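Contents: one structure, followed by commentary.
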Amino acid sequence: MSKTHVFQTEVQQLLHLMIHSLYSEREIYLRELISNASDACDKLRFQALTKPALHASGEELAVEVVGDSESHTLVIRDNGVGMTEAEAVEHLGTIAKSGTKAFLNSLPGDQAKQSHLIGQFGVGFYSAFMVADRVVVESRSAHVGSDDGVRWESTGDGNYTTERIARPQRGTQITLHLKDDAKEFAEPWRIRALVKKYSDYVAYPVRSPKQLTDEDTKKGATAELEQINTGQALWTRPKDQITDEQYSAFYKAACHQWDDPATRLHVSVEGTLSFTALLFVPGERPLDLFDRERRGLSLYVRRVFVMDDCKDLLPDWLRFVRGVVDSDDLPLNVSRELLQQQDAVPKLRKQLVKRILDHLLKLAGGDDTEKAAFAAVDSAFGAVLREGLVSERDSETRDKIARLARWRSTWTAAEKPEDDARRTGLEDYVKRMPEGQTAIYFVNGASAAAALASPHLEGYRRKSWEVLLLTDPVDEWVVQHFREYQGKPLKAAGSAQDDLASAEEKAALEERSKEAAGFLGFVKETLGEGIAEVRLSNRLTESPCCLVAGEGAMSPQMDEMLKRMGQQPPSRARTLEINPAHPLVERLQALHAAGSTDQAKGYVQVLRDQAVLAEGGRLDDAAGFAKRVQELMLAAIGAAPKVHKAG
Ligand code: ADP
């Protein structure tokens, strides 16, 4: 008796796209199905380590792909772990991966763009519906008897059916009833070419019928199966025998990626610790980048698959790395829980971190192609990498991350402010430091353009001191922990204005401040609680005043973020610095001296509000500000001119 089930909404959404869009790259469905078959063989082999009965017969694990050009069907068969009926419902009726859900939600409305993205993304089993209008899955789990098989069937509309069947052989068989425009996929030559192109790396034999000559066909011969792929796990082959295309195909199929990698690292280490790692940095940000549980590493022990999403081998700040680690030093039956207790794990992790960072450092200092690869890694994952400056304990590792960190700066932005790719590292920054500059300065901003507009930069510009423009939220957090580089302290440009003045300038300013004490007191009184101190500054050149935070205080962007998260930012009464050389300030001082305090008060408030706006902050009393500006405009324009009425 068959049961009808309704697909999860996301699956329906996905299937709808599969069926109703046109795909340029729909041939990837075969790579997805073979990859699933290979995973199923991996799982059986792994589970049989602790439960030998699962694979007692010991027959070779393999995948078969057989087309029938008469009936326009294509069968993909494996003798892997199989599925129970419940598993079929769970795995072939829902989408578990958060990445896929996020991907669906992010799809643009435009059909053409959608199909392009889907073609690249590859969405596992469901991609079968790109070429088939009916899909039948017959499977039997290695854990149940031959009466407990399942037949799963769907035409890709809202429903599917399942039915209990008898199935003597373990494993899964998928039958695709090809669409009229997809009949070519049943042709032997087409199958062979696709397997070679996309699945050559698969560690199990992938077999398909030999191509028969016309002669053979006349004789009524049936084709025997032959192995098409090389059948050796890619990472176990010598590097010089692997092409870029093969690496890329492996990355897409085995790591479930859809882009091309920005860079790869293939290392084989023998010694007290022996392992092979084939690692990739994606070319684009994955959708689940900020899911800290996510890891893209699969762990193998002596060629046997043990687990995917292996969390213990890489720190959080390298969570964007994808690939395979094959260790000789772990027991085969290691589980996720037991893994943490293995002595080899921290050593392996340390080695992987070191290799990855050294590889990135090599790229950063390499030729133009390598530099371009590094720039791609930096622009997609630099912010994640910099989390390591906060969380990493090992000082040598932190030092390497610091050497890899890249930011925009007043120097890189000088020529092309809008070109985000022009970034600098601290090493180069330090080299450019002129005589007299002893610290590394930074300013935070929501964007490079906003940071560049900060009045805090005026004094630094005058002295030609470079200032880093920190625009990623993570950097707020980074600079609170990462306080110096090569003995040079990192300082917020806003709170380090003192550094800019010479001893004479400081003395002169002190003198001037004494003279202006009455005026400064008046300003402070006018602004009340929100301002801790009002003082003169000779660092400003264009602005009448600016707000300065205390050492280690949070930027207005961080404040905003806390407010949006429903938290009250720590109170930060700040200092208002006033430029005594600014004509506005001069007149205001005169106004105050002349006793027009009411008028002066209004102006002082507007000045303070402008300073808040200039650094990208938000006004607590925006309506009050607007009203005051209107009054000023009215006063400036004078009494309303007589409107000449016609007639
Ligand atoms: P993914 O493979 O990325 O997890 P799929 O949609 O391709 O996503 O497959 C969903 C799940 O269905 C798999 O994770 C697996 O549990 C199960 N599955 C698919 N194909 C097979 C197969 N040939 N044998 C056993 N299980 C399979």
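Some observations on this one:
- Of the strands (runs of 3 or more DSSP E) lying entirely inside the range 136-195, those containing at least 1 residues that are more than 16 Å from the ligand (Cβ to nearest atom) and within 37 Å of the chain's Cα centre (by Cα) are 159-165, 171-178.
- Which numbered condition residue 546 fails, given (1) within 17 Å of residue 444 (Cα to Cα); (2) modelled with pLDDT under 85; (3) not aliphatic (A, V, I, L, M): (2)
- Test: residue in the range 206-215 that is touching a strand residue (DSSP E or B) at 6+ places or on another chain (Cβ under 6 Å) and not in a strand (DSSP E or B): yes
- Listed by position, the helices (runs of 4 or more DSSP H) contained in the range 366-429 that have at least 2 residues being in contact with a Lys or Arg (Cβ under 6 Å, 6 or more places away or on another chain) and assigned by TED's automatic domain parsing to the domain that holds residue 350 are 368-386.
- In the range 476-503, the residues that are farther than 20 Å from residue 394 by Cα, in a helix (DSSP H, G or I) and of a type in the set (A, V, I, L, M): 493, 500, 503
- Contacts under 6 angstrom Cβ, first residue in the range 503-525 being touching a residue at least 40 places away in the same chain (Cβ under 8 Å), partner in a helix (DSSP H, G or I), 6 or more apart: 519/589; 519/592; 522/592; 523/604
- Any chance residue 529 is assigned to a loop (DSSP other than H, G, I, E, B) and touching a residue at least 40 places away in the same chain (Cβ under 8 Å): no
- Among residues of the range 201-227, those that are surrounded by fewer than 20 Cβ atoms within 10 Å (Cβ to Cβ) and either within 16 Å of residue 28 (Cα to Cα) or among the aliphatic types (A, V, I, L, M) (or both), counted: 4
- Boolean, residue 251 is under 30 Å from residue 1 (Cβ atoms) and aromatic (Phe, Trp, Tyr): no
- Test for residue 207: is it modelled with pLDDT of 95 or more and more than 16 Å from the ligand (Cβ to nearest atom): no
- Lone qualifier among 429, 460 - being within 24 Å of residue 484 (Cα to Cα), within 29 Å of the chain's Cα centre (by Cα) and of a type in the set (Ser, Thr, Tyr): 429
- Every listed requirement among (1) modelled with pLDDT of 95 or more; (2) within 14 Å of the ligand (Cβ to nearest atom) is met by residue 126 save one, (1).
The values are calculated or read from the model by the stated rules, or taken from the named source; none is laboratory data. Worth saying up front: this structure is predicted, and the values here are computed from it rather than measured. Note: ideal-geometry Cβ built from the backbone for every residue, glycine included; neighbour counts use all protein chains shown.
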